[in-house]
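Trainee: Have a look at this one.
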Amino acid sequence: MRRPLGLWLVALFVYAFLYVPLIIVVVYSFNDSQLNAEWVGFTLDWYRKLFHNEEMLRAAGNSLMIALVASAASTLLGTMAGFAMHRYKLKLLPLLVLTPIAIPEILVGVSLLIFFVMLNITLGLLSITLAHIAFCIGFVAIVVRSRLSGMDESLTEAARDCGATPMQAFRLVTLPLIMPGVVAGALMAFTLSIDDFVITFFTAGANASTLPLQIYSMIKIAVTPEVNAVSTLLMGLTLLLIIIASKLAPNALRSS
């Protein structure tokens, strides 16, 4: 079936609008110039300077630590939530689990800020981690529930018929079968956490800095090739994790 030329042109324009700016960021991270106005020559100096920038390294370390803790906790809670949504057909449970995904991030950030202030929790790395766990649970639950929907329930029933307890059937049969979905959910949570800006901005406080916040503070002065370099590395890490997650659970987003 031949598609109209206009449809191809519109698709080309949309993809160019989405990806050309990203390509420019990557290319100019190798530009041998303080300015991004024109191409001068190829260099890796900006990456060398980046790895000697103590503030940037500290912010990257904070982002990595927060992402690891948040992804581990949200994977545990999201797996349980996904299993509960699959096993128990409760109308209220999916609403409670998936609402943080549908709500705009700025609203989530403001509400969490108010919540932490009410509980007298000092804004910092702890508040950022708790906030990231809260909004990552729903994404993990979606992936895990999708994996469970494609699992053969007769295997679990056979394990129960052989004398396994519900916990043993889950640990020995269900969990190994849904493990690719669990890992994909963990990678998705890690990706969402490490490059989140909006929620982090509201819950970080004055003394905590993450990689997205550090990049934002740098571009308020000027978009230097060093900013392009760290953006390129962050983009590469995010794309790698998304590709791995899509390979492990290819139908997760489609089935949700």
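Trainee: How many of the residues in the range 76-129 are without any contact (Cβ under 8 Å) to a residue 60 or more places away in the chain and among the aliphatic types (A, V, I, L, M)?
Mentor: Result for the range 76-129: 20.
Trainee: Moving to a separate point now. Assess whether Phe51 counts as being open to solvent by 60 Å² or more (accessible area, probe 1.4 Å), at pLDDT 85 or above and closer than 24 Å to Val198 by Cα. Explain how you work it out, then say what you get.
Mentor: Values: open to solvent by 60 Å² or more (accessible area, probe 1.4 Å): yes; at pLDDT 85 or above: yes; closer than 24 Å to Val198 by Cα: no.
Taking the combined requirement at face value, the residue does not satisfy it.
Trainee: Right, another one. Within the range 128-137, count every residue that is crowded, with 24+ Cβ neighbours inside 10 Å and small (Gly, Ala, Ser).
Mentor: Applying the first criterion (crowded, with 24+ Cβ neighbours inside 10 Å) to the range 128-137 yields 128, 131-132, 136-137.
Pick out the ones that are also small (Gly, Ala, Ser) and you get 131.
Adding up the residues that qualify gives 1.
Trainee: Pairs only if they're at least six apart or on different chains, beta carbon under 6 angstrom, first in the range 168-180 and closer than 28 Å to Ile243 by Cα, second assigned to a helix (DSSP H, G or I) and hydrophobic (A, V, I, L, M, F, W, C); list them, first residue then second.
Mentor: Val173/Leu155; Val173/Ala159; Ile178/Leu148; Pro180/Leu248
Trainee: Here is a list of conditions, (1) farther than 24 Å from Ile199 by Cβ; (2) touching a residue at least 12 places away in the same chain (Cβ under 8 Å); (3) in a loop (DSSP other than H, G, I, E, B), and Gly163 meets all of them except one; can you say which number that is?
Mentor: So Gly163 meets the others, but not (2).
Trainee: Identify, by number, the condition in (1) modelled with pLDDT under 80; (2) in a loop (DSSP other than H, G, I, E, B) that Asp196 doesn't meet.
Mentor: Of (1) modelled with pLDDT under 80; (2) in a loop (DSSP other than H, G, I, E, B), only one is false for Asp196: (1).
Trainee: Let me ask you something else. Name the residue that is modelled with the highest pLDDT, counting only residues in the range 236-256 that are under 14 Å from Gly150 (Cβ atoms) and surrounded by 14 or more Cβ atoms within 10 Å (Cβ to Cβ).
Mentor: Leu248
Trainee: Return the total of residues in the range 220-235 being at pLDDT 80 or above and open to solvent by 40 Å² or more (accessible area, probe 1.4 Å).
Mentor: Counting residues in the range 220-235 that are at pLDDT 80 or above and open to solvent by 40 Å² or more (accessible area, probe 1.4 Å) gives 2.
Trainee: What single numbered condition from (1) at pLDDT 90 or above; (2) surrounded by 15 or more Cβ atoms within 10 Å (Cβ to Cβ); (3) out of contact with any Pro (no Cβ under 9 Å at 6 or more places or on another chain); (4) in a helix (DSSP H, G or I) fails to hold for Leu107?
Mentor: Against the list (1) at pLDDT 90 or above; (2) surrounded by 15 or more Cβ atoms within 10 Å (Cβ to Cβ); (3) out of contact with any Pro (no Cβ under 9 Å at 6 or more places or on another chain); (4) in a helix (DSSP H, G or I), Leu107 comes up short only on (2).
Trainee: Now for a different question. Give the range 13-39 a look and list any residue that's among the polar types (S, T, N, Q) and open to solvent by 90 Å² or more (accessible area, probe 1.4 Å), or say none.
Mentor: Step one: list which residues in the range 13-39 are among the polar types (S, T, N, Q), which gives 29, 31, 33-34, 36.
Selection gives Gln34 alone.
Trainee: Pairs needed: first member in the range 28-55, farther than 21 Å from Leu211 by Cα; second member anywhere, among the aliphatic types (A, V, I, L, M) and open to solvent by 70 Å² or more (accessible area, probe 1.4 Å); C-beta distance under 7 Å; at least 6 residues apart or different chains.
Mentor: Qualifying pairs under 7 Å: Asn31/Val40; Asp32/Val40; Ser33/Val40; Asn36/Val223.
The values are calculated or read from the model by the stated rules, or taken from the named source; none is laboratory data. Owing to the predicted nature of the structure, the values given are computational and were not obtained by experimental measurement. Note that each Cβ is placed from the backbone with ideal geometry, even for glycine, and that neighbours are counted across all protein chains shown. All accessible areas refer to the heavy atoms of the entire protein, side chains included, with ligands and DNA or RNA removed. Shrake-Rupley method; radii C 1.70, N 1.55, O 1.52, S 1.80 Å.
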